[in-house]
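Just below is one structure, and these are the notes that go with it.
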Amino acid sequence: GAPRAATVSDGRGVFRFDGRPEGAALIQATYQGVPYNLVLGAGAPASGLTLEVYDVTSRRGAAKVIEDVVILEPLGAQLSVRESIVWQNPGQETYRDPAGGTLRFYAPEGARDSLRVFAAAPGGVPSEQAASPAGAPGVYKVDFPIRPGDTSFEIRYTAPVTTPGSFSG
C-alpha cells in the first residue's frame, strides 16, 4: 500500500514518526540509492529501533557466489530451467553495480519471453526483478544490491528443445 508516513533521519541516523501504527508496519530507509527494510510486528515496541544501512560500493570486494544450482525439466517441446544462485557478502559494504549488473547470466534466445528473475535480500522475501540485455547475445544483467549477508536469486525460463537435445550455457 501507500506509505502512511515519511521522515528524514538526522546526521546521526536518528528518526522519529509521530503516533503508533496500528498492527504491523514496514519501515523502509533508502541510503545511497539502496532500500533497507525493518518489519515492526503488531504489538512490538515502537521505540529504540535499529535499521542497519551500509555504504555502497561498485567493487565486489569479498562478495562471492557460494551456490549455483541449475534444474532442467523437459516439458514436451519445451525445457523448463530454474537456476538458484546464492551470493555471500561477509563485508560491511553493499555491492551494487547498476551499469554492469550485480548478477549477470546467460539465457538462450528462445527464453526471452518467459524469463523471470526473483531476488531476496538477507532475511527478506523474494521479489521479481528486471533483467535487461547486457550486450552479448543472450547475456542479461540484474541491478540488485548484494548487502552484507546472503542474497539469493532465482532465474526461471522455458526454451524450445528437440529430442534428442543438448543444453549448454
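Let me have the relative contact order for region 19-90, percent, based on Cα pairs under 8 Å that are six or more residues apart.
Relative contact order of region 19-90: 22 percent.
Please report the relative contact order for the chain, taking Cα pairs under 8 Å with a sequence separation of at least 6, and give it as a percent rounded to a whole number.
20 percent.
Which of 151, 102, 30 moves the most in a Gaussian network model of the chain with Cα springs under 10 Å?
Checking each option, the largest mean-square fluctuation is seen for 30.
Over all directions, the average projected area of the alpha-carbon convex hull for region 70-169 comes to how many nm²?
6.7 nm²
Whole number in Å², please: accessible area per residue of the chain, 1.4 Å probe, ligands, DNA and RNA not counted.
63 Å²
Would you work out which of 78, 46, 142 lies farthest towards the positive end of the dipole of the chain? Charges go on Cβ: Lys and Arg +1, Asp and Glu -1.
In the chain, that residue is 46.
Taking 0.36 nm per residue of separation and subtracting the Cα-Cα distance, what length does fully extending residue 17 through residue 77 add?
Here the answer is 16.0 nm.
Could you give me the ³J(HN,Hα) list for region 65-78, computed from phi with Karplus coefficients 6.51, -1.76, 1.60 and θ = phi - 60°, whole Hz, x at Gly and Pro?
So the Karplus estimates, Gly and Pro as x, are 7, 10, 8, 8, 10, 10, 10, 10, 9, x, 10, x, 8, 10 Hz.
If you take every residue apart from residue 83 with its C-beta less than 10 Å away from the C-beta of residue 83, what net charge results, scoring Lys and Arg +1 and Asp and Glu -1?
My count for the surroundings of residue 83 gives 0.
With θ set to phi - 60° and the Karplus curve 6.51 cos²θ - 1.76 cosθ + 1.60, what are the ³J(HN,Hα) couplings of region 125-135 in order, to the nearest whole Hz, using x for Gly and Pro?
With coefficients 6.51, -1.76 and 1.60, one gets 9, x, 9, 6, 10, 7, 10, 10, x, 10, x Hz.
Once the other residues with Cβ under 10 Å from the Cβ of residue 97 are scored (Lys, Arg +1; Asp, Glu -1), what is the net sum?
So the environment of residue 97 carries a net charge of +4.
Hey, what's the Cα Rg ratio for the chain versus the globular rule of thumb, 2.2 N^0.38 Å?
1.27
Of the heavy-atom accessible surface of region 5-125 (probe 1.4 angstrom), what whole percent is carbon and sulfur?
50 percent
The values are calculated or read from the model by the stated rules, or taken from the named source; none is laboratory data. On a predicted model such as this, the values are computed, not experimentally measured, just so you know. Positions of Cβ are generated from backbone atoms using ideal geometry, with glycine treated the same way; all protein chains shown enter the neighbour counts. Note: areas computed on protein heavy atoms with side chains; ligands, DNA, RNA excluded. Shrake-Rupley method; radii C 1.70, N 1.55, O 1.52, S 1.80 Å.
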